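What follows is a set of notes on a single structure, which appears directly below.
The values are calculated or read from the model by the stated rules, or taken from the named source; none is laboratory data. Just so it is clear, the model here is predicted, and its values are computed rather than measured. Here Cβ is always computed from backbone atoms with ideal geometry, including for glycine, and neighbour counts include all displayed protein chains. The protein model used for the area step is the full one, side chains on, heavy atoms only, and it has no ligands, DNA or RNA in it. Shrake-Rupley method; radii C 1.70, N 1.55, O 1.52, S 1.80 Å.
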Amino acid sequence: MQISIAIPLLNEEESLPELEAWIRRVMEANQFTYEILMVDDGSTDTSWSVIEQLSATNPNIRGIKFRRNYGKSAALHVAFEAAKGDVLITMDADLQDSPDEIPELYRMIKEDGYDIVSGWKKVRHDPISKTVPTKLYNAVTRMMSGVKLHDMNCGLKAYKSEVIKSIEVYGEMHRYIPVIAKWAGFSKIGEKVVQHQARKFGVTKFGSWKRFIRGPLDLLSITFVGKFGQRPMHLFGSIGMIMFMVGFFSALYIGINKLYRLSEGLPTILVTDNPFFYIALTSMLMGTMLFLTGFVSELVSRNAPNRNAYLIEREIQNENV
Ligand code: UDP
Ligand code: MG
């Protein structure tokens, strides 16, 4: 099978029939073999029965329904696991992304050899409360991750099947799939300017809370796990050590200074009346705590099932050996 199209959806009953018809038109015009994976992320409207009806007329539709709302990342994750196509396309269900982009995305993966091609909504039809924060957010992500995409969180993306089979998304991490993929060693990440429509039916499912609080926190986790996940002690241990040393030598200096002044008969104050003593103490305490955190993290990562998280790209099997 050439193409899997993954569509996470939450209460999108009005859009689905039009979306399905449009995808089918494009697929048939290009004679692709394909499947549409509709993942109902706990809709409370009639989305699921719409999916059932559509699948009765189109045998290429597969449906998965969550018992409750788990979020877009979870929906994408099951689709990643279930997908059978050589190329996986993800798109939103709300008709904001155009299925007409699929053939070119497919070509870029297949012929230009990209691991991922991300859509770029160069001209966006969203309210300004969304477009301005998104610009900022993309800039920060670009800086922190080194993945040079203009529109990291575009719902319309294409993946080589190898990519989606080797990464895991959870939480709010669907925003950073290219970053996760990059850490996993898939570095050929491309971009294609795509058409974008205003939402035709329904409302956006992402409030400010998820976009501004959970999103950035997940970026921190990803960056941390990507850089230090395999060796947390290198981060905690080094900061902890530095803090401890600074605190220790400051305290030592305060003590020696006091003894020196006493022996010389110079006027002195109590060590505990010296504010620097408390700073030194705090620094030592925090250093120790960071160090211990490092140890605990090492123990945790040693027990992680993927502690040797390498992905093998190719292998030579020689029959003579
Ligand atoms: N979605 C989902 N689960 C959620 C939230 C959203 O499956 O918890 C789906 C939603 O139905 C849509 C896609 O994710 O197909 C993108 O959501 P939306 O269009 O609301 O986001 P926006 O375009 O406003 O960023
Ligand atoms: Mg949308």
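For segment 93-131, taking the residues that are aliphatic (A, V, I, L, M) and within 11 Å of ligand 2 (Cβ to nearest atom), the one that is nearest to residue 199 (Cα to Cα) is identified as 95. Do we find that residue 208 is surrounded by fewer than 21 Cβ atoms within 10 Å (Cβ to Cβ) and within 16 Å of ligand 2 (Cβ to nearest atom) in this structure? So residue 208 passes the test.
As a summary of the residue check, residue 124 satisfies the conditions (1) within 22 Å of residue 15 (Cα to Cα); (2) touching an Asp or Glu at 6+ places or on another chain (Cβ under 8 Å) except for the one numbered (2).
In the condition set (1) over 23 Å from residue 4 (Cα atoms); (2) open to solvent by 40 Å² or more (accessible area, probe 1.4 Å), residue 218 is compliant with all but (2). Checked against (1) under 30 Å from residue 41 (Cα atoms); (2) assigned to a loop (DSSP other than H, G, I, E, B); (3) away from ligand 2 (no atom under 16 Å from the Cβ), residue 202 passes all but a single condition, namely (3).
Let's see how each residue does on (1) loosely packed, with under 15 Cβ neighbours inside 10 Å; (2) over 25 Å from residue 33 (Cα atoms); (3) among the charged types (D, E, K, R):
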site: 95; (1), (2), (3): no, no, no
site: 101; (1), (2), (3): no, no, yes
site: 117; (1), (2), (3): no, no, no
site: 125; (1), (2), (3): yes, yes, no
site: 136; (1), (2), (3): yes, yes, no
site: 139; (1), (2), (3): yes, yes, no
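Is one or more of the residues making up segment 72-91 touching a residue at least 40 places away in the same chain (Cβ under 8 Å) and more than 23 Å from the chain's Cα centre (by Cα)? No, that holds for no residue. Quick check on segment 19-28. Is at least one of its residues at pLDDT 95 or above, within 20 Å of residue 89 (Cβ to Cβ) and within 16 Å of ligand 2 (Cβ to nearest atom)? Yes; the residues of segment 19-28 include at least one that is at pLDDT 95 or above, within 20 Å of residue 89 (Cβ to Cβ) and within 16 Å of ligand 2 (Cβ to nearest atom). Condition check for residue 143 on (1) of a type outside the set (Asp, Glu); (2) part of a loop (DSSP other than H, G, I, E, B); (3) open to solvent by 40 Å² or more (accessible area, probe 1.4 Å): one failure, at (2). Does residue 90 fit the bill of being of a type in the set (Ser, Thr, Tyr), modelled with pLDDT of 95 or more and away from ligand 2 (no atom under 16 Å from the Cβ)? Against the criterion (of a type in the set (Ser, Thr, Tyr), modelled with pLDDT of 95 or more and away from ligand 2 (no atom under 16 Å from the Cβ)), residue 90 does not qualify. Out of (1) open to solvent by 100 Å² or more (accessible area, probe 1.4 Å); (2) aliphatic (A, V, I, L, M); (3) in contact with a Phe, Trp or Tyr (Cβ under 8 Å, 6 or more places away or on another chain), what's the single condition that is false for residue 316? Result: residue 316 fails condition (3) only. Within segment 99-115, residues that are without any contact (Cβ under 8 Å) to a residue 60 or more places away in the chain sit with their Cβ atoms under 9 Å from residues that are among the acidic types (Asp, Glu), at 6+ positions apart or across chains, in these pairs: 109/86; 109/115; 110/86. Among the residues of segment 70-87, those that are within 16 Å of ligand 2 (Cβ to nearest atom) and out of contact with any helix residue (DSSP H, G or I) (no Cβ under 7 Å at 6 or more places or on another chain) comprise 71, 75.
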